[in-house]
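Input: a single structure, listed below in structure tokens.
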């Protein structure tokens with residue numbers, strides 16, 4: 001049979017029995033045909049997938065000026081943009097429950113002016129230095 005000739009998986013016998021040089025079986029021939037069919041299907045799927053789908057090309061370049069001083073970088077809008085943010089302070093208890101913090105805690109900016117809570121502030125990162133003070137006169 002033709003399928004017996006496709007048996008490449010069995011090893012030849014160590015001793016010849018009935019003058020046969022190999023142990024050809026019908027099951028291993030069928031398994032080899034199934035293996036070839038599966039490999040052809042997988043190869044076809046990969047080839048079709050490679051030809052249909054787009055190829056991606058990613059390019060990246062990073063330029064950083066190491067010689068510029070901080071004064072020049074702070075003047076550039078790219079490195080020191082204007083950001084909108086708001087600040088609020090919450091108190092966390094031992095039970096991990098949060099509540100509003102009393103008004104005894106103040107937030108001051110670098111000009112020593114009071115920053116109001118939950119109010120939108122527009123500043124650059126250079127000007128975002130702030131201080132939190134607690135007004136406790138008799139404690």
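Quick notes on this one:
- All conditions but one from (1) in contact (Cβ under 8 Å) with a residue 12 or more places away in the chain; (2) part of a loop (DSSP other than H, G, I, E, B) apply to residue 138; the one that does not is (1).
- Selected residue (criterion: nearest to residue 71 (Cα to Cα)) from residues of the range 122-131 that are surrounded by 10 or more Cβ atoms within 10 Å (Cβ to Cβ) and touching a strand residue (DSSP E or B) at 6+ places or on another chain (Cβ under 6 Å): 130
- Among the conditions (1) under 30 Å from the mean Cα position of the chain (by Cα); (2) assigned to a helix (DSSP H, G or I), residue 32 misses just one, which is (1).
- Scope the range 98-115; condition exposed (fewer than 12 other Cβ atoms within 10 Å of the Cβ), touching a strand residue (DSSP E or B) at 6+ places or on another chain (Cβ under 9 Å) and in a loop (DSSP other than H, G, I, E, B); matching residues: 102, 104, 112
- All of (1) over 29 Å from the mean Cα position of the chain (by Cα); (2) modelled with pLDDT of 85 or more; (3) in a loop (DSSP other than H, G, I, E, B) hold for residue 122 with one exception: (3).
Every residue, every condition in (1) at pLDDT 80 or above; (2) touching a helix residue (DSSP H, G or I) at 6+ places or on another chain (Cβ under 8 Å); (3) within 30 Å of residue 134 (Cβ to Cβ); (4) not in a loop (DSSP other than H, G, I, E, B), yes or no:
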residue	(1), (2), (3), (4)
3	no, yes, no, yes
41	yes, no, no, yes
54	no, no, no, no
57	no, no, no, no
84	yes, no, yes, yes
95	yes, no, yes, no
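The values are calculated or read from the model by the stated rules, or taken from the named source; none is laboratory data. In this text, all values refer to a predicted model and were calculated from it rather than measured experimentally. Ideal geometry is used to build each Cβ from the backbone, glycine not excepted, and the neighbour counts take in all protein chains shown.
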